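The values are calculated or read from the model by the stated rules, or taken from the named source; none is laboratory data. The model shown is predicted, which means the values in this text are computed figures rather than measured ones. All Cβ positions, glycine included, derive from the backbone under ideal geometry; neighbour counts span all protein chains shown.
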Amino acid sequence: MRLGITTYCSIGHLSVKVNRKVVFRAADGSEDLLKLIYNQLNPAYPKFFKMDDLCRLGFLGVEWIVKERPELSESEDDAIALVFQNEMSSLQSDSEHQLQLNKGVASPATFVYTLPNIVVGEIAIRNKWFGESAFFVGPKSDVAMLVDYTKSLILNRKAKIGIVGFIESFAGDHFLRLLVVEETNSGDEFNVVSLSKFIAE
Amino acid sequence: MIFAGAEHIVSPLGNSAEENFAAIIAGKSGIRKIPCRAGGKEPELFNVAAVRNFGDFPLAQELKKSVTASLEKVDESSLISGKTLFLLSTTKGEITELVKPGVVQAKLDVLRNKVIRDLHWFHSSAVISNACISGLEALIVGHDLIQTGNFDHVVVAGGDMLSEFTLSGFKSFFAISPEPCKPFDKNRAGINLGEGVGTIILSRNEEIFASKPIVFCGGATANDANHISGPSRTGEGLYRAISRALTTCSVRREEIDFFSSHGTGTSYNDEMESIAFARCGMSEIPMNGLKGYFGHTLGAAGIIEAAVCMQSLRNQELIASTGFEEAGTSKPLNVLLSHRKTPFKVLMKTASGFGGSNAAAIFRTE
Amino acid sequence: MENLIEKLKTEIVTQLNLEHIKPADIGTDDPLFGDGLGLDSIDALELIVLLDQNYGLSIDDPEKGRTIFKSVRTMAEYIQANK
């Protein structure tokens, strides 16, 4: 079975690229890249503002993907698997919860984001996708799990399409590399080499 | 076929799966009322399942010991010569490190490296963090990666520790029960947090296990697509996870002899589960929730509770649910009220978690 | 009371991250939950934190929140009654 990459999305360094073409670029020195991207996309989704940065980033990456591939919204509602990884887990929100805790306060709106997989939930809610998901925590240099598990989900017919990649937001730095993969002979082959190369771009 | 064995548990109930199972049979619970820090100026008393005192569980060390203990129950040379993966399941890892400046020591990767530092022979390793389904998901991932030929063996370990970080958070959700939890009961009032570690080894090769292993059929996960903390009112994600698990495992619902649910003891979670189980036609199948013995051990729950399920299959003894006195869900459940020695073959384990995640996995005797 | 009501509207917008809403847009007697502001269960819990942090009033049962947080006015009335 050959999995081909049918869409690329990357966010970072003040820009958004879809299939390696820049679709949005913020001016140098821009603050709050994620809000700027939101305003450009204008999805009319106020829940965005309750999300932490990790979830905002993942949400926006998939919004761009669905904008490029509107037919993804027409797929069977459990056909799409979300398979993500990052290195810092939810440590940004964890730090915020800890800071508040040091002052004797615990906010449920902060605490709920102290789990990295919440980004999967936000994407699933937005798109009404009831499919498989997995969240791995590890460095960019080791993405074998993302490849092996996504392939096995599709091979075992637990999913037809994978939205897979690295989503990291920590200390104001945002880094997203997502691929759409499916069984097809077109597009670059989805494997550790192609995924690692894309992450290194 | 893929096998599961060499299960090991560290919890307030003991330092092996056998010791934990014996304690459960004897009617013991790991939950007791002890002083805990929950964000206030002073410690307060909470019902938790602590191995020693609140916040002092040496997670990395106990994970290492558990993995070592499990490896002693298999032919380690087969794992060394074969292609073996190590999977760590945890939600917060050594979260108490976060009170110190800098976040590096709290990274889940750092924990993984500590656990397998002396075990260089693992071909690869990874950390899975998917809220409270992490443990069951790690088992499912491990199964699938053996099935597709990526690996010969997978060592799956899960662990989480009690901490002010977590307790304060759940307290802000009003999710903490003042009393020992009562899964599915009319008067249930929330969760008790717990801590512990567990290890289970998966392999395509039955021969590596010192004792006859259990057959592990794998399973599936699904998202509620509803709310990031509140469960789906229709139990959508759990319903789909169970349905998909039955399909992927080629097991019919009628073949399930018993199931062990997530059963946290909150009003909404248990209600959601009763709806999902009813939609799956499972309302009459005897079932339990194990969190009355261990508390909610988060990233360890899927492993510890699966290990108890494996012991249950080995001993052909069904384990009772705890704290259940009066039915308290809109859909009926066949909650087992006392342990029952009876021949049985097929057991389903489920889990649900924040982020709308749900998982279901199936174990059977050979 | 009016000062408290205006103050509450600002605090609600801040506490709940209601980015696109100005305090003046919140009707004093409008239901906070339901269609209007799109508040959910976590927002209800955050309002409990707001009462505790800003007014020193602690609520031990989130169910009580249903009546207290019906509208900005009912929140203000609760605060006045329990100061």
Output the number of residues of the range A:89-105 satisfying the condition of being surrounded by 22 or more Cβ atoms within 10 Å (Cβ to Cβ) and either more than 7 Å from every other protein chain (Cβ to nearest Cβ) or more than 21 Å from the chain's Cα centre (by Cα) (or both). 4
Checked against (1) within 14 Å of chain A (Cβ to nearest Cβ); (2) farther than 30 Å from A:Leu101 by Cα; (3) surrounded by fewer than 24 Cβ atoms within 10 Å (Cβ to Cβ), B:Ala138 satisfies every condition except (3)
Restricting attention to the range B:87-118, which residues are touching a strand residue (DSSP E or B) at 6+ places or on another chain (Cβ under 7 Å) and assigned to a loop (DSSP other than H, G, I, E, B)? B:Thr90, B:Thr91, B:Lys92, B:Ile116
Given (1) at pLDDT 95 or above; (2) surrounded by fewer than 21 Cβ atoms within 10 Å (Cβ to Cβ), identify the lone condition not met by B:Gly40. (1)
Could you tell me how many of the residues in the range C:1-56 are under 12 Å from the mean Cα position of the chain (by Cα), surrounded by 14 or more Cβ atoms within 10 Å (Cβ to Cβ), closer than 20 Å to A:Arg56 by Cβ and among the polar types (S, T, N, Q)? 1
When you go through A:Pro108, A:Pro116 one by one, which is the residue that is within 30 Å of C:Asp52 (Cβ to Cβ), crowded, with 21+ Cβ neighbours inside 10 Å, at the interface with another protein chain (Cβ under 7 Å from one of its Cβ atoms) and within 14 Å of the chain's Cα centre (by Cα)? A:Pro116
Taking the options A:Glu122, A:Glu132, name whichever one is of a type in the set (D, E, K, R), within 7 Å of another protein chain (Cβ to nearest Cβ) and in contact with a Leu (Cβ under 7 Å, 6 or more places away or on another chain). A:Glu132
Looking only at the range C:16-40, count every residue that is more than 9 Å from chain A (Cβ to nearest Cβ), of a type outside the set (D, E, K, R) and either assigned to a helix (DSSP H, G or I) or touching a Phe, Trp or Tyr at 6+ places or on another chain (Cβ under 9 Å) (or both) and tell me the total. 5
C:Leu57 versus (1) within 14 Å of chain A (Cβ to nearest Cβ); (2) assigned to a loop (DSSP other than H, G, I, E, B); (3) of a type outside the set (Val, Ile, Thr); (4) in contact with a helix residue (DSSP H, G or I) (Cβ under 8 Å, 6 or more places away or on another chain): which is the lone unmet condition? (1)
Consider A:Trp64 against the criteria (1) of a type outside the set (Val, Ile, Thr); (2) within 11 Å of chain B (Cβ to nearest Cβ); (3) touching a strand residue (DSSP E or B) at 6+ places or on another chain (Cβ under 6 Å); (4) in a helix (DSSP H, G or I): it satisfies all of them except one. Which criterion is unmet? (2)
Count of the range B:63-94 residues which are over 19 Å from the mean Cα position of the chain (by Cα) and among the β-branched types (Val, Ile, Thr): 4
Look at B:Ala210 and say whether it is in contact (Cβ under 8 Å) with a residue 60 or more places away in the chain and either within 14 Å of another protein chain (Cβ to nearest Cβ) or among the β-branched types (Val, Ile, Thr) (or both). no
